[in-house]
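The values are calculated or read from the model by the stated rules, or taken from the named source; none is laboratory data. Every value quoted in this text rests on a predicted model; they were computed, and no experiment measured them. No Cβ is skipped: glycine too gets one built from the backbone with ideal geometry, and neighbour counts run over all protein chains shown.
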Protein chains: 4
Amino acid sequence: MKFKVTSELEYNVRYPSTFIFNIHALRTKNQTVLEETLSLDPFFRTEELNSAVSENRFLRLDVDKPTNLRIVYTATVDSYFQILDMNELNALPVVQLEGHILPYLFPSRYCQSDKLFRLAQDKFGRIENVYGKVLAINEWIYNNVEYLSGSTNSQTSAFDTVTERAGVCRDFAHLGITLCRALSIPARYFTGYSYQLNPQDFHACFEAYIGGQWIIFDATKLSPLNGLVKIATARDAADASVASIFGNVISTYVKVSCELLEQNFVPLFYNPGEMKGISY
Amino acid sequence: MKFKVTSELEYNVRYPSTFIFNIHALRTKNQTVLEETLSLDPFFRTEELNSAVSENRFLRLDVDKPTNLRIVYTATVDSYFQILDMNELNALPVVQLEGHILPYLFPSRYCQSDKLFRLAQDKFGRIENVYGKVLAINEWIYNNVEYLSGSTNSQTSAFDTVTERAGVCRDFAHLGITLCRALSIPARYFTGYSYQLNPQDFHACFEAYIGGQWIIFDATKLSPLNGLVKIATARDAADASVASIFGNVISTYVKVSCELLEQNFVPLFYNPGEMKGISY
Amino acid sequence: MKFKVTSELEYNVRYPSTFIFNIHALRTKNQTVLEETLSLDPFFRTEELNSAVSENRFLRLDVDKPTNLRIVYTATVDSYFQILDMNELNALPVVQLEGHILPYLFPSRYCQSDKLFRLAQDKFGRIENVYGKVLAINEWIYNNVEYLSGSTNSQTSAFDTVTERAGVCRDFAHLGITLCRALSIPARYFTGYSYQLNPQDFHACFEAYIGGQWIIFDATKLSPLNGLVKIATARDAADASVASIFGNVISTYVKVSCELLEQNFVPLFYNPGEMKGISY
Amino acid sequence: MKFKVTSELEYNVRYPSTFIFNIHALRTKNQTVLEETLSLDPFFRTEELNSAVSENRFLRLDVDKPTNLRIVYTATVDSYFQILDMNELNALPVVQLEGHILPYLFPSRYCQSDKLFRLAQDKFGRIENVYGKVLAINEWIYNNVEYLSGSTNSQTSAFDTVTERAGVCRDFAHLGITLCRALSIPARYFTGYSYQLNPQDFHACFEAYIGGQWIIFDATKLSPLNGLVKIATARDAADASVASIFGNVISTYVKVSCELLEQNFVPLFYNPGEMKGISY
């Protein structure tokens, strides 16, 4: 499915600063970047680099003097996903997980799964099927946490959200990840562009590792699960924030869009009885 | 320098459980494991695996029935370290860091560097030399945090320790890491065996990335810096705990030792004026 | 109903220290202290004083030199309670509450009701009857929080317990208070001696203010509601801890008992359908 | 010294709601309210009431239907303060404190003094004179916490501020109170109108109890210590917030002013060497 994604970001750089952006569409075997452009005004040299610990295309940029910076990224992306029959995918016990999956079991900055162990066991521990467990987690977050712009900030973690019951997509994703890990289900943060998200913005979801596949879940239910263009996956937003800034900078403008370049888009969401999972 | 290290661990396994241990001496170009033995009573099949996100040798073990488990690991290790002249090592600005180093700049479970930014800047931001900065952090922790067994637990993070001012080696290390990252200095957790640590136990220190080298620091000052045998390095203890347990298990016994197999050991510590750094 | 209560406390006083104890049986119109004795070994002068903000009999004691201190308090108490028909007691809206009740609506050290507002509304907001609301809170805590000795400490607050789902009587009481206040129901901490509590210890419950009466609830269900001897009520344990210590002291021994001096004790607990409330 | 104080508050009341305001100038032996007016548009019946646990004049108001509410309070106040020679005021040890002072020693919602014990001891424990201790606390907060509008919210407590090092007057006051209590010095929250505060707003300070007198401190140094009109004192902002709202309301406008009705105002601040204390 072909999408055109765009992000426009403006910053007032007050002192020399280094940026690490996560805005590029990822290149994976299921996601082809057909073309992309990046423009900076004023121009600064950029560098793309990868992290060993997450899937992403960091864009690093050193702004060596005060300025107003404008960045525009556009890409045409062919994104492919599979619909899997979750009846056939059993949970892998910890003893069978590949080594590179283990970190997604451990707690991380915004996902203190060590603190939610009892709560997760009590609420979801008795559900037998692992897909059913994650779907129940997703529904529980959707039903119990209020989507409320401005209610949280970059320091808010799942430990806050599980009690305060309000947040944005990032907080919903962190809570989903945390509850999965507390049940020994590997889970990770997914950030990307999202078709039909209203209003348009960067979006965050989470993926659970079931039967050897990363299955996507969106506890906000704000975006069709088949309308995503992946920017990054990571343990949590600490490793995949839109912009990590080392210096003194004020964000002044953000605009994001995701358009479909095809017709016949049928939005997909999970239906509790159906046992279908979407994997990018 | 040759050491013999031993760890004896006993557990009461109440339900089938999976363990992931970090007790093996790491094999690196500077650390050679000359021989090692692992014994389990009763016997269970074990598997060694690596994580992509940290340096370690995870030992995974599935105990499929209730039992009392005893594990004994011994190794003879030749550990080599360098003493570097820190006058010659300048800090690398974020823009020059290799991609695989970036994760050590970001906050993690026990190291909420995003929350300590102002405090770190105020206390240490004006020190010019980056080694001097980290040494000042190390001294500050040593002088301001009380080493107090039992004062903290596996949920304690740097955000707690910076205020409550008490903890064990793990907490000292987490606080050191957090303050470094808040100053844009990559830092990581180091866990290992430690010669002349009294009483003997697993030890935790931290490493800061200065001039392309990981330099070791121990804010507890309980262990000579040249008496360490590395088990793992990681972003924090979430990725390198002695035992991650998935199941229902009670720890009943821990005994750790580290003996020197050579003579002429001269314990090394940093002296404020000296500008020397030890790198494993 | 007549009880004999006893508490024996021993401390190793390392430096001159001041104690403020809450161990005396309270004197109220419904609770008569028939006789009581207090012995200290070695002897120190004590002083009894009251706080304006809570019901208690603080015992203050200045130990001006290092010593091993032993305190024994015994009392014979006639404790009277009412069983009220909760059908007849309606909630008082905030606008009708007496001024001295308002503080029991506001958050306090261990009861951060401001943070649990959404959670309380979602879970209990739709229950019409206020007694029904508090009973549902009590049941929810009983069913969702595990009683686990040693799982918490003197810094643990309701914000922790609501997520970590484990604690002791004090934590159960704090969570009950917090959820009530988040629903605009005044609530306070109750600490006392408890008949048939097993093992014997100081006990903590909570009271909700319904229809002008303080009704007692015990989310641990460990103690019959008609077997309590009140020591203090307060906004939370910050104002009614067994011992507030200003100095350097180690607690070495605690023994508490509560014996019935009558016959024919029929333990009372609430039954969901019954609409009965006990008020001391 | 005569002041004219005014506060104008506007709210969009979306559902029937009850307000408890703290905006009235307090009547004390040192503060005379010469005249005051309160106007509500539309009109609702109001009630003034007092709390047993704090000095304040709660204004309670029930708005029984959706509306836009405007409240204007004005008062002419004669405020008197003493300048005390702090050389003559010694700290009272805990054993000599009156019973009604004890609650100001205990931790409260925003002042978790139990968690800052070690930090307070380390930083200020060695200062002999108690006034010197509090002045050092005040200076330390002033020098180490950045005044930053919008950096905190109504849930921010001293435990956050001591690490995050940013906040507004309320946070500065809470941290001052907390550090005092951690050193066994009773301390409380003071909120009022403030002459020469720029921009004009409700202000918060703290008072420490030294030698039987409540001495005022302002760690923001934004307001002359002799230009205050007291609204309330309390254990912390939980008991003295400008408006506690039970219902569904959006604040839409706040304007506060404090004018001097005399001439010859000489702003007073403490000077480190002077040993003077101001008591209202």
Search result, residues across the range B:57-84 that are under 23 Å from B:P224 (Cβ atoms) and not in a strand (DSSP E or B): B:Y80, B:F81
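Quick grid of which residues meet (1) within 30 Å of B:R57 (Cβ to Cβ); (2) surrounded by 21 or more Cβ atoms within 10 Å (Cβ to Cβ); (3) within 11 Å of another protein chain (Cβ to nearest Cβ):
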site	(1), (2), (3)
A:Y15	no, no, no
A:D64	no, no, yes
A:E88	no, no, no
A:I101	yes, no, yes
Going through the range A:122-143 one residue at a time, which ones are touching a Lys or Arg at 6+ places or on another chain (Cβ under 6 Å) and part of a helix (DSSP H, G or I)? A:F124, A:Y142
Which residue is surrounded by the fewest Cβ atoms within 10 Å (Cβ to Cβ), if the candidates are limited to the range A:113-158 and must be under 20 Å from C:E164 (Cβ atoms) and among the β-branched types (V, I, T)? A:T156
Provide a single number: the residues in the range A:235-266 that are more than 19 Å from the chain's Cα centre (by Cα) and part of a loop (DSSP other than H, G, I, E, B). 8
Residues of the range C:93-111 being closer than 19 Å to C:N138 by Cβ and in a loop (DSSP other than H, G, I, E, B), in sequence order, are C:Y110
Search the range A:112-130 for residues that are under 15 Å from A:G176 (Cβ atoms) and at the interface with chain C (Cβ under 10 Å from one of its Cβ atoms) and pair each with any residue that is among the basic types (K, R) and not in a helix (DSSP H, G or I) when their beta-carbon atoms are under 6 Å apart and the residues are at least 6 apart or on different chains. A:L119/C:R165
Please enumerate the residues belonging to the range B:217-239 that are aliphatic (A, V, I, L, M), crowded, with 21+ Cβ neighbours inside 10 Å and more than 14 Å from chain A (Cβ to nearest Cβ). B:A219, B:L225, B:L228, B:V229, B:I231
Please pick out the residue among D:Y195, D:Y209, D:Y189 that is more than 26 Å from D:K133 (Cα to Cα), outside the structural domain of D:V53 (by TED's automatic domain parsing) and not acidic (D, E). D:Y195
Close pairs from the range B:133-152: first within 24 Å of C:N153 (Cα to Cα), partner surrounded by fewer than 16 Cβ atoms within 10 Å (Cβ to Cβ), Cβ under 9 Å, at least 6 apart: B:N144/D:D122; B:E146/D:D122
Residue selected from the range C:201-211 under the condition surrounded by fewer than 24 Cβ atoms within 10 Å (Cβ to Cβ) and modelled with pLDDT of 95 or more, by the criterion nearest to C:M275 (Cα to Cα): C:Y209
Counting only residues that are of a type in the set (K, R) and over 22 Å from D:A238 (Cα atoms), which one in the range C:173-230 is farthest from the chain's Cα centre (by Cα)? C:K221
Restricting to the range A:157-170, and then to whatever is within 12 Å of chain C (Cβ to nearest Cβ) and in a loop (DSSP other than H, G, I, E, B), can you tell me which residue is farthest from C:L175 (Cα to Cα)? A:S157
Return the only residue of C:D239, C:D201, C:D160 being more than 27 Å from C:D85 (Cβ to Cβ) and without any contact (Cβ under 8 Å) to a residue 12 or more places away in the chain. C:D160
Condition first: surrounded by 16 or more Cβ atoms within 10 Å (Cβ to Cβ), under 28 Å from B:L69 (Cα atoms) and either β-branched (V, I, T) or touching a helix residue (DSSP H, G or I) at 6+ places or on another chain (Cβ under 6 Å) (or both). Now tell me which residues in the range B:240-280 satisfy that. B:V242, B:I245, B:F246, B:V249, B:V256
For residues in the range D:27-51 being in contact (Cβ under 8 Å) with a residue 24 or more places away in the chain, closer than 18 Å to D:V77 by Cα and part of a loop (DSSP other than H, G, I, E, B), which is nearest to the other protein chains (Cβ to nearest Cβ)? D:R27
So B:S54 clears everything in (1) more than 9 Å from chain A (Cβ to nearest Cβ); (2) in contact (Cβ under 8 Å) with a residue 40 or more places away in the chain; (3) not hydrophobic (A, V, I, L, M, F, W, C) except one condition, right? Which one? (1)
Exactly one of B:A208, B:A232, B:A173 is more than 21 Å from B:R57 (Cβ to Cβ), outside any loop (DSSP other than H, G, I, E, B) and small (G, A, S), and that one is B:A208
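Determine, yes or no, whether B:F21 is in contact (Cβ under 8 Å) with a residue 12 or more places away in the chain, farther than 23 Å from A:H100 by Cβ and within 14 Å of chain A (Cβ to nearest Cβ).
So B:F21 does not fit the description; no.
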So, in the range D:211-229, exactly how many residues are closer than 21 Å to D:S157 by Cα and part of a strand (DSSP E or B)? 2
Considering every residue within the range A:23-36, establish whether at least one is over 24 Å from A:S194 (Cα atoms) and of a type outside the set (S, T, N, Q). no
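Restricting to the range B:208-224, name every residue that is touching a residue at least 60 places away in the same chain (Cβ under 8 Å) and not β-branched (V, I, T).
Residues satisfying the conditions are B:A208, B:Y209, B:G211, B:G212, B:Q213, B:W214, B:F217, B:D218, B:A219, B:K221, B:L222.
Quick one: which of D:S108, D:S79 is of a type in the set (S, T, N, Q), away from chain C (no Cβ under 14 Å), surrounded by 20 or more Cβ atoms within 10 Å (Cβ to Cβ) and in contact with a Ser or Thr (Cβ under 9 Å, 6 or more places away or on another chain)?
Just a single option satisfies the conditions, and that option is D:S79.
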